[in-house]
Structures are given as C-alpha cells and as structure tokens.
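Take a look at the structure set out below.
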Amino acid sequence: MALPMTKYCYCHVLSDPDQLLFVGCTYKSSDDGPACNYPIVKYTDPSYCAHHGELLMYENGQHVEADEDE
C-alpha cells in the first residue's frame, strides 16, 4: 500500500526521488560494509532504524533491564 501523496510503499519510499521525509538507516556492521538503509524519518537522531538503535544501546550498555518485581 502506497504512503499518502506518493506512489511508493514504506519499504520503497527511498526510491521516490521527490520525497523529502525519509532517509536510510546509516548503521553499518563493518567499516566497508553496506548501510542498513531501512527507511526512517529524516530528522531521527541518531539516524538508525529502531532495530539498530536498540542494538547499539545494548552494545553500549545503555539498555534498560526489565523490573523483576513486576
């Protein structure tokens, strides 16, 4: 299903040369590897998709442990 005001679905919105709202996730698994490039809102900071943002927080020790009392 196409996003409003475009001919492209979410997964292919970066193929639209006229769109200005999305950019690709910039996560790279290695220095010479390709970027993830999953579409995210352009003004997301840091510029990672939800999966890679969470992965980097976990790797950096910033993840939140679930409360065991609940």
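The values are calculated or read from the model by the stated rules, or taken from the named source; none is laboratory data. Computed from a prediction, not measured in an experiment: that's the story for all the values here. Heavy atoms of the whole protein, side chains included, go into the accessibility calculation; ligands, DNA and RNA do not. Shrake-Rupley method; radii C 1.70, N 1.55, O 1.52, S 1.80 Å.
Numbers below:
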| item | result |
| --- | --- |
| Crossing angle, helix 50-59 versus the chain [Cα axis fit, 0-90 degrees, rounded to tens] | 30 degrees |
| Radius of gyration, Dmax [the chain; alpha carbons; angstrom] | 15.5, 50 |
| Accessible surface of the chain, 1.4 Å probe, proportion on carbon and sulfur as whole % | 55 percent |
| Whole-Hz ³J(HN,Hα) from phi, Karplus 6.51 cos²θ - 1.76 cosθ + 1.60, for the stretch 4-16, glycine and proline x | x, 6, 8, 9, 10, 7, 4, 5, 10, 4, 5, 6, 7 |
